[in-house]
Amino acid sequence: MLLRLFSLFHASLFFFSFLTITTNIIIVIMLPSLPLSKAFLFSPSPSLASPLQRLPLMRHSLSSSSALGGSAFADVAEFFAEGGRVVRDNLTAELPVLQKALPEGSIQGPTRAVSSCHFVELPPPPASSSSSSSSSPTSPSPLYLIAASPPSLSLLHLPLSSPSTPSFLSSFSSLHPSPPSSSSRPHLPYATAYGCHCGTQYFGQLGDGRAATIHETSPSPSRVPSRFEVQLKGAGATPFSRGFDGRAALRGCVREMLGCEGLAGLGVPTQRVLAVVGTSEVISRPWYTAGSAPSSKKFPPAKLVFERAAVLTRFAPSFLRFGHFELHAERSEHDLLNALIDHALEVEFPDISGPRSDSSTAAMLEAVVDRQAFLVAEWLRVGYCEG
């Protein structure tokens, strides 16, 4: 039953891709002949209000119209002290006994195969690790705030003044803040395992290569949605970094923040970005000239450029991907797959009542297809074009 559902889901994704391209062609053809007042996809019509008002299934839309709470926490330390643990209660971590058998320093990197679990906890590196380690330098570089989002601070019930504090910069720039007293996180950060198809080709295990979840908020009745998972992007390598350094360039972090917060302001479902913190670390990245193909080994990068690094903090009701389900389905890890479905039903689809069954799983798939169709329509409404 599950394999048939996944086949149906893949077919629906191809359909939505075709629909997106076809609709954009129609828009490009029709717009020149339409009066500006009738170009409804691009006009802020009152009928195109918040997704929360138009489709109950999209209650997880983190738009600017979501209910903003007050500053429930006095500071960052209090925010981290009150943490939830739904993910840890529902899903399976890599067994510590397996980590103990690994060579020193290989828990966070280099890349390795991970099996029989949903996520891997990332402990602090050994004190003997070199400061040049890409996973977590022992002598942190100077930190400075690039930008913070006031609406996102309000969604997390953090004081609007908190980004100016050293504890904020430390807590939202490192997997393991130094000194540890600057952040009282109740749990270790973790990276999740997932795989994915691209077209008809399966790429095997991928996973969170430069992102790690550092916190899960406790449910709050004054917040919509009621809980969030908080991730750092660019804070260091994980077992899924695939040979890369786990860092993020400043320009990419700024682009992601502008994109997410801009979509939220337009009422489009999206993750939210709390802040971007600069680390003063310099990283190298490939630079391609016009006309080259970055994805092809036939066209190596024209040169390596050195860029400032940064760490982005993002949050969402969950960071479940389609690839999380694909990995365990491809590996025939049925217990892990069923646990993931149970977790998705609890976190993302509480309106689907009853224990997991073929009917509840099918209902979840139908809801996912509805959400995906709505999301594509929202992208088109604000002018998204493919390619």
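I need a count of the residues in region 352-387 that are in a loop (DSSP other than H, G, I, E, B) and farther than 26 Å from CYS260 by Cβ.
Looking only at that region, the number is 6.
On the basis of being outside the structural domain of GLY207 (by TED's automatic domain parsing), over 19 Å from the mean Cα position of the chain (by Cα) and farther than 25 Å from GLN231 by Cα, does ALA339 make the cut?
Judged against the criteria, ALA339 is not a match.
For region 245-265, enumerate the residues that are among the hydrophobic types (A, V, I, L, M, F, W, C) and over 18 Å from SER174 (Cβ atoms).
VAL254, MET257, LEU258, CYS260, LEU263, ALA264 - these are the residues of region 245-265 that are among the hydrophobic types (A, V, I, L, M, F, W, C) and over 18 Å from SER174 (Cβ atoms).
Report whether or not ARG314 is more than 26 Å from ALA113 (Cα to Cα), buried (at least 16 other Cβ atoms within 10 Å of the Cβ) and not assigned by TED's automatic domain parsing to the domain that holds GLY195. Lay out the reasoning, then the answer.
Numbers: more than 26 Å from ALA113 (Cα to Cα): yes; buried (at least 16 other Cβ atoms within 10 Å of the Cβ): yes; not assigned by TED's automatic domain parsing to the domain that holds GLY195: no.
No; evaluated as a whole, the condition is false for this residue.
Does LEU327 satisfy the criteria of being within 25 Å of CYS198 (Cα to Cα), among the aliphatic types (A, V, I, L, M) and surrounded by 14 or more Cβ atoms within 10 Å (Cβ to Cβ)?
Against the criterion (within 25 Å of CYS198 (Cα to Cα), among the aliphatic types (A, V, I, L, M) and surrounded by 14 or more Cβ atoms within 10 Å (Cβ to Cβ)), LEU327 qualifies.
Would you mind finding the one in ALA377, ALA367 that is over 21 Å from ALA193 (Cβ atoms) and in contact with a helix residue (DSSP H, G or I) (Cβ under 8 Å, 6 or more places away or on another chain)?
ALA367
In this structure, is ALA67 at pLDDT 55 or above and of a type in the set (A, V, I, L, M)?
no
Of all the helices (runs of 4 or more DSSP H) wholly in region 74-184, which have at least 2 residues that are within 27 Å of PHE203 (Cα to Cα) and either of a type in the set (D, E, K, R) or modelled with pLDDT under 90 (or both)?
Numbers: elements: 76-81, 86-90, 96-100, 150-155, 166-171.
The qualifying helices (runs of 4 or more DSSP H) are 96-100.
When you check PHE240 against the structure, is it at pLDDT 90 or above and under 18 Å from GLY83 (Cβ atoms), yes or no?
no
Consider THR279 carefully, then state whether it is in contact with a Ser or Thr (Cβ under 9 Å, 6 or more places away or on another chain), modelled with pLDDT under 95 and surrounded by 16 or more Cβ atoms within 10 Å (Cβ to Cβ).
Considered against the rule, which asks whether it is in contact with a Ser or Thr (Cβ under 9 Å, 6 or more places away or on another chain), modelled with pLDDT under 95 and surrounded by 16 or more Cβ atoms within 10 Å (Cβ to Cβ), THR279 comes out as yes.
The values are calculated or read from the model by the stated rules, or taken from the named source; none is laboratory data. Since we're looking at a predicted model, the values are computed, not measured. Positions of Cβ are generated from backbone atoms using ideal geometry, with glycine treated the same way; all protein chains shown enter the neighbour counts.
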